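Trainee: The structure is given below, and queries will be raised subsequently.
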Amino acid sequence: MPREAIVPVLITVLVIVGACALILLGWRNLKARQANVPEPFEPFADKVDHEFSGMYVATTKYEDWLERIAVHDLGVRSNAQLQLGAAGLHLVRPGTRDLHVPWSAFEKVSRSSGMIGKFVEKNGLIVISWEKDGFAFDTGFRPRFAEDTPKIYQLLASHHRGAAEQETNK
């Protein structure tokens, strides 16, 4: 490496390291601000009736799809298997904590074209709204196969205590 290239390379490396440090600091501070967010439900026994492959997008505050929940591994995007059973729904996520929501905590289902960090075609995301300890959440799931989206929506809507929410395009 030519001697005159050393300084620009070192400056570039320092800028990259500084940017990564600031990102990690921001993520840590976000987690500290969300210390009051309750832990997700513990795993529970269930018989899986339906299973779908896809992507866990994120969990956000209810109807605030730009406010990602960072604590309890809820902000980590990952591949996932959505399992629907008699007792609730399960998002099985390799490499991070699974998410389990009993039907008693399930509030509603809707469809959208996006939420924080993920935007797709119209109504391509399934948004699952649920509640725990007075705190309401929205969790996004993107089915791997588009033809699964309406089926998942209908299956989830059948567990809603009232009528299913109308499809949205937020």
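Trainee: From 121, 131, 51, 39, which residue is under 26 Å from residue 28 (Cα atoms) and exposed (fewer than 14 other Cβ atoms within 10 Å of the Cβ)?
Mentor: When all the criteria are applied, what remains is 39.
Trainee: Among the residues of the range 38-53, is there at least one that is closer than 22 Å to residue 118 by Cα, touching a Gly at 6+ places or on another chain (Cβ under 9 Å) and of a type in the set (Val, Ile, Thr)?
Mentor: no
Trainee: Ok, one more. Quick check on my filter: what residues within the range 1-16 are loosely packed, with under 10 Cβ neighbours inside 10 Å and modelled with pLDDT of 85 or more?
Mentor: If the condition is that a residue be loosely packed, with under 10 Cβ neighbours inside 10 Å and modelled with pLDDT of 85 or more, then 7, 8 are the ones that fit.
Trainee: Is there a residue being of a type in the set (Val, Ile, Thr), under 25 Å from residue 26 (Cβ atoms) and in contact with a Lys or Arg (Cβ under 6 Å, 6 or more places away or on another chain) anywhere in the range 86-105?
Mentor: For the range 86-105, residues of a type in the set (Val, Ile, Thr), under 25 Å from residue 26 (Cβ atoms) and in contact with a Lys or Arg (Cβ under 6 Å, 6 or more places away or on another chain): absent.
Trainee: So, one more: Is it fair to say residue 66 is assigned by TED's automatic domain parsing to the domain that holds residue 102 and out of contact with any Lys or Arg (no Cβ under 9 Å at 6 or more places or on another chain)?
Mentor: For residue 66, the condition - assigned by TED's automatic domain parsing to the domain that holds residue 102 and out of contact with any Lys or Arg (no Cβ under 9 Å at 6 or more places or on another chain) - is met.
Trainee: Would you tally the residues in the range 102-154 being more than 21 Å from residue 86 (Cα to Cα), in contact with a strand residue (DSSP E or B) (Cβ under 8 Å, 6 or more places away or on another chain) and without any contact (Cβ under 8 Å) to a residue 60 or more places away in the chain?
Mentor: So the count comes out to 9.
Trainee: Separate question: Are there any pairs, at least 6 apart or on different chains, whose C-beta atoms fall under 9 Å, with the first in the range 29-43 and modelled with pLDDT of 80 or more and the second exposed (fewer than 13 other Cβ atoms within 10 Å of the Cβ), and if so, which?
Mentor: Every condition considered, the pairs that remain are 38/133; 38/134; 39/133.
Trainee: Something else now. Looking at residue 138, is it over 24 Å from residue 33 (Cβ atoms) and modelled with pLDDT of 90 or more?
Mentor: Against the criterion (over 24 Å from residue 33 (Cβ atoms) and modelled with pLDDT of 90 or more), residue 138 does not qualify.
The values are calculated or read from the model by the stated rules, or taken from the named source; none is laboratory data. Treat the numbers as computed from the prediction; the structure is a model and nothing was measured. For neighbour counting, all protein chains shown are included, and Cβ atoms are generated from backbone atoms with ideal geometry for every residue, glycine included.
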